[in-house]
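Heads up, the thing below is written out as structure tokens.
The values are calculated or read from the model by the stated rules, or taken from the named source; none is laboratory data. Bear in mind that the values here come from a model prediction, so they are computed numbers and not experimental data. FYI the Cβ positions are ideal-geometry reconstructions off the backbone, even for glycines, and counts take in every protein chain you see.
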Amino acid sequence: MSVKLNVIVAVSENMGIGINGELPWRLKKEMAYFKRMTKCTNDSSKQNAVIMGRKTWESIPGKNRPLDGRINVVLSRQNLMLGPNVLVCNSLNSALHRLQEPPLAGTIEFIPALSSTSFLLQEAMTSPHCFRIYLTKVLKAFKCDTFLPEVPGNTFRLVR
Ligand SMILES: NC(=O)c1ccc[n+]([C@@H]2O[C@H](COP(=O)([O-])OP(=O)(O)OC[C@H]3O[C@@H](n4cnc5c(N)ncnc54)[C@H](OP(=O)(O)O)[C@@H]3O)[C@@H](O)[C@H]2O)c1
């Protein structure tokens, strides 16, 4: 499998990423950055595929999901039916396989995994397919109940 997976995550000064199933902050510019990063493609005939945990999917307001212009992939071990435009997969590897098989093979440019559980983030960051981690630092501490796991320092180099 030659696919490149990218993690995209915003983290507070105290390494928090979520609280009560939601983002700890409301930052319009961060949302706009997220949208741009997950939606834009160089090749207009392709789309990006956004992989997220089931709770992150549920945290997106109903009117905003599926995320438009992107292939939405939701990870769950339950047998969920989330609509015709949402791919439900029971593991990260199965999601990566499905994205490389017909009918999606060759139609996808960029695969970001949304931060969510420490577990999924850890799995994504330690996956041999993980290419980049786009980490946004939110310059304030917030009360959080979900935290960023340690970034594997032997695999990733801070560039900016
Ligand atoms: N700061 C950021 O950048 C950012 C971005 C996105 C989300 N968030 C925040 O993160 C929090 C949500 O994260 P969360 O940790 O509560 O949950 P989550 O990872 O979004 O969802 C957890 C669920 O996803 C499924 N799942 C996760 N990994 C899986 C895997 N490898 N294989 C199969 N299923 C898998 C399971 O669903 P089932 O129980 O259905 O099996 C699991 O219970 C929210 O607070 C959200 O706002 C923050």
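Assorted remarks:
- Residues satisfying the stated conditions in the stretch 46-64, i.e. in contact (Cβ under 8 Å) with a residue 60 or more places away in the chain and either touching a helix residue (DSSP H, G or I) at 6+ places or on another chain (Cβ under 7 Å) or within 21 Å of Pro84 (Cβ to Cβ) (or both): Lys46, Gln47, Asn48, Ala49, Val50, Ile51, Met52, Gly53, Thr56
- Among the residues here, Ser12 does not qualify as farther than 21 Å from Asp145 by Cβ and among the polar types (S, T, N, Q).
- Condition broken by Pro128, with the remaining ones in (1) surrounded by 13 or more Cβ atoms within 10 Å (Cβ to Cβ); (2) more than 10 Å from the ligand (Cβ to nearest atom) satisfied: (1)
- Those strands (runs of 3 or more DSSP E) lying entirely in the stretch 1-107 with at least 2 residues of a type outside the set (A, V, I, L, M): 5-12, 16-18, 48-53, 70-75
- Selection of the stretch 65-99 for residues being within 15 Å of the ligand (Cβ to nearest atom), within 15 Å of Thr38 (Cα to Cα) and touching a residue at least 24 places away in the same chain (Cβ under 8 Å) yields Leu67, Arg70, Val73.
Rundown of residues vs (1) more than 16 Å from the chain's Cα centre (by Cα); (2) more than 19 Å from Glu22 (Cα to Cα); (3) not charged (D, E, K, R), yes/no style:
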position	(1), (2), (3)
Asn42	yes, yes, yes
Glu58	no, no, no
Leu67	no, no, yes
Gly83	yes, yes, yes
Ile111	no, yes, yes
Lys140	yes, no, no
Asp145	yes, no, no
Pro149	no, no, yes
Asn154	yes, yes, yes
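- Criterion violated by Thr38 - all others in (1) in contact with a Phe, Trp or Tyr (Cβ under 9 Å, 6 or more places away or on another chain); (2) loosely packed, with under 15 Cβ neighbours inside 10 Å; (3) within 16 Å of Ile111 (Cα to Cα) satisfied: (2)
- Single residue of Ile133, Ile108 found to be touching a Leu at 6+ places or on another chain (Cβ under 8 Å), over 19 Å from Lys55 (Cα atoms) and either surrounded by 13 or more Cβ atoms within 10 Å (Cβ to Cβ) or acidic (Asp, Glu) (or both): Ile108
- Looking only at the stretch 100-118, residues that are within 24 Å of Tyr33 (Cα to Cα) and either at pLDDT 90 or above or not small (Gly, Ala, Ser) (or both) come to 8 in all.
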